[in-house]
Structures are given as structure tokens and as C-alpha cells.
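Enquirer: First the structure, which I've put down as C-alpha cells, then a few questions once you've had a look.
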Amino acid sequence: MKKEVMEETISGAIVKSFFKKLQDNMALDVAVAGAGPSGLVAAYYLAKKGLKVAIFESKLAPGGGIWGGGMLMNEVVVQDDAAKILHEFGITTVPIKKGYHTVDSVEMASGLIFGARHAGAVIFNTVTIEDVVMHNDVVSGVVINWNPVVRLEMHVDPLVITTRALIDGTGHPNEIVRKVVSKAGVKIDSPTGGVMGEKPMWMEDGERTTLINTKKLYPGLYASGMAANNVQGGFRMGPIFGGMLKSGKKVADLVEADLKK
């Protein structure tokens, strides 16, 4: 009898488990581009509804811009109504004056990741969405590759994941909507029919418009968080995250309603 070799067991288990996970998620209800705050919150609520959801995050660590807090001081701020979303994830907030709360950014990032995953969403990190699939003027899938492959400009063909809905939660770069507009040449639901771009910082207005700007932009395509603000020409808001969290919940409600039609 061949002796069991630990190295074979460990490596084999990783390969088998990962490729089962990948195969099980080749056809999705919802694909989320970017594991920032709005994407994680959206994935959490959609997965809780029983939809098949996967998040594709290009970086090694999900969490987007939460981890660093404000200028590497690992605290962020949310409003009262957004704090309720964090409490649903079991994340601690500390009330301060005028309806605001401080939050440890490490707890917030890790708590949102844990919550989304345990609600049933699958997270693929170090995976870049380099293109989208279009069928009959509907966004119908994502074209994925390993982020290091893309960054090194290696000529390696990607894989395709089909999806009934795609959420652009890529934040400031607004990567997915830009691809749809530039490559497909379509007009989206924005004042110019394209991506207007981010304005300078104005926290109050940026927080207000993030939720307003969270919407369906094109058949099969939605934007949340800072990506939504970028499309509509909204102001940036810095290390206050209430709008991002509420945007994630709103886009989840929009997607769920559309998929039920």
C-alpha cells in the first residue's frame, strides 16, 4: 500500500476544493465586481435571498478602501441609519455627537467579508474582470482572469462566467461601466449617456448622492457605491461610509426586484 504523503494530500485538497467552487459558480444570478463596502453589503443581502452570488475582487485582500481608515488611522465614520446595517453584521459602532458613529476599520472590513461569505456569497480574490459578455444588448456575463496575469500583460486567454445581473462596485476606477460604454458603444442611464467622472470632495453632498445615483444603468448592469457616483458625476466623500453601505442595500433590492420579473 502506498504511504500517504502529506504534501500530496494538502495540495490535492486545495486544487480539488477550489475547482469545485469555480465550477459551481460558472453560471450566476448576480456577479459583483469589487469587494468594497457596497459590493459586500449587496452580496450579503442578495445571498440571503437565496440567489447565487459571487464577488470578483482583483486584489489579494477584499474590503476595498475600508482597511486604511482615514490616512492610515484605522477608524471610519458612519451615520445612524448606516450603523444599523453594520449591527446586522455584528460589527461594533461607537456613537458620537450629531448622529454619527466611529467604527474600527479592521473590524468593519473583516466583518463585512465574513458576513457576505456566511450569507452564501462566494468571493474570488486576485481575479480581475477584464471584459463583459453582451447578448442581444443585455450584459450577460463577465470575462475573468488572474490579476497578476493582467498586470504582467501576459497573453493568456480568460474564462467566462455567465450572470443574470452585474453590479459595478469597483469604486473610483468605475472599471466595469467604463468597459461597457467604451467597448459596446452603448448609452447608459446618466446625464450624458456615459461616465461623467468624479467631482472633488464634498462629504455631505457625496453621501447624499451616492444613494440617489445607485441604479440600473443598462439591461443587466448596475452600479453601487463610489462607482455609482462616478457615473453620474457625484462628489467624493472620503472616510465616511454610510452612503456606501446604504447603496449596497439599495442595489441589492433593485437587482432582486428585477430578477423576479
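The values are calculated or read from the model by the stated rules, or taken from the named source; none is laboratory data. Because the structure is predicted, anything quoted here is derived from the model rather than measured. Neighbour counts are summed over all protein chains in view; Cβ atoms, including those assigned to glycine, are modelled from backbone coordinates with ideal geometry.
Enquirer: Identify the single condition in (1) buried (at least 24 other Cβ atoms within 10 Å of the Cβ); (2) in a loop (DSSP other than H, G, I, E, B) that A165 does not satisfy, given that it satisfies every other one.
Expert: Every listed condition holds for A165 apart from (2).
Enquirer: Give all pairs with beta carbons closer than 9 Å in which a residue from the range 71-95 that is within 13 Å of G243 (Cα to Cα) meets a residue that is modelled with pLDDT of 95 or more and acidic (D, E); count only pairs at least 6 apart in sequence or on separate chains.
Expert: Listed by first residue and then by second, the contacts come to V76/D104; Q79/E207.
Enquirer: Taking the conditions exactly as written (among the aliphatic types (A, V, I, L, M) and surrounded by 12 or more Cβ atoms within 10 Å (Cβ to Cβ)), does A13 satisfy them or not?
Expert: On the way: among the aliphatic types (A, V, I, L, M): yes; surrounded by 12 or more Cβ atoms within 10 Å (Cβ to Cβ): no.
In short, no.
Enquirer: Assess whether G206 counts as being buried (at least 16 other Cβ atoms within 10 Å of the Cβ), touching a residue at least 40 places away in the same chain (Cβ under 8 Å), part of a helix (DSSP H, G or I) and in contact with a Lys or Arg (Cβ under 9 Å, 6 or more places away or on another chain). Explain how you work it out, then say what you get.
Expert: Numbers: buried (at least 16 other Cβ atoms within 10 Å of the Cβ): yes; touching a residue at least 40 places away in the same chain (Cβ under 8 Å): no; part of a helix (DSSP H, G or I): yes; in contact with a Lys or Arg (Cβ under 9 Å, 6 or more places away or on another chain): yes.
For G206, the condition - buried (at least 16 other Cβ atoms within 10 Å of the Cβ), touching a residue at least 40 places away in the same chain (Cβ under 8 Å), part of a helix (DSSP H, G or I) and in contact with a Lys or Arg (Cβ under 9 Å, 6 or more places away or on another chain) - is not met.
Enquirer: Would you check which residues across the range 168-193 are surrounded by fewer than 17 Cβ atoms within 10 Å (Cβ to Cβ) and over 18 Å from the mean Cα position of the chain (by Cα) and list them?
Expert: S182, K183, A184, G185, K187, D189, P191, T192, G193
Enquirer: Name every residue in the range 97-122 that is among the β-branched types (V, I, T), farther than 17 Å from K49 by Cα and within 17 Å of the chain's Cα centre (by Cα), in order of residue number. Spell out the reasoning first.
Expert: Taking the range 97-122 as the starting set, the residues that turn out to be among the β-branched types (V, I, T) are 102-103, 106, 113, 122.
Restricting the remaining residues to those that are farther than 17 Å from K49 by Cα gives 102-103, 106, 113.
Correct list: I113 only.
Enquirer: Is it the case that S38 is closer than 19 Å to T210 by Cβ, of a type in the set (S, T, N, Q), touching a residue at least 40 places away in the same chain (Cβ under 8 Å) and surrounded by 13 or more Cβ atoms within 10 Å (Cβ to Cβ)?
Expert: Working: closer than 19 Å to T210 by Cβ: yes; of a type in the set (S, T, N, Q): yes; touching a residue at least 40 places away in the same chain (Cβ under 8 Å): yes; surrounded by 13 or more Cβ atoms within 10 Å (Cβ to Cβ): yes.
Criteria met by S38.
Enquirer: Of everything in the range 219-261, what is assigned to a loop (DSSP other than H, G, I, E, B) and either on the phi < 0 side of the Ramachandran plot or in contact with a Cys (Cβ under 7 Å, 6 or more places away or on another chain) (or both)? Give them in sequence order. Break it down into steps so the answer makes sense when it comes.
Expert: As a first pass, look at the range 219-261 and keep what is assigned to a loop (DSSP other than H, G, I, E, B): 219-220, 224, 233-234, 237-239, 241, 260-261.
Across the range 219-261, the qualifying residues are P219, S224, G234, M237, P239, F241, K260, K261.
Enquirer: Which fully enclosed strands (runs of 3 or more DSSP E) of the range 108-155 have 2 or more residues being surrounded by fewer than 23 Cβ atoms within 10 Å (Cβ to Cβ) and of a type in the set (S, T, N, Q)? Walk me through it before giving the result.
Expert: Working: elements: 122-125, 127-135, 138-146.
Here the list reads 138-146.
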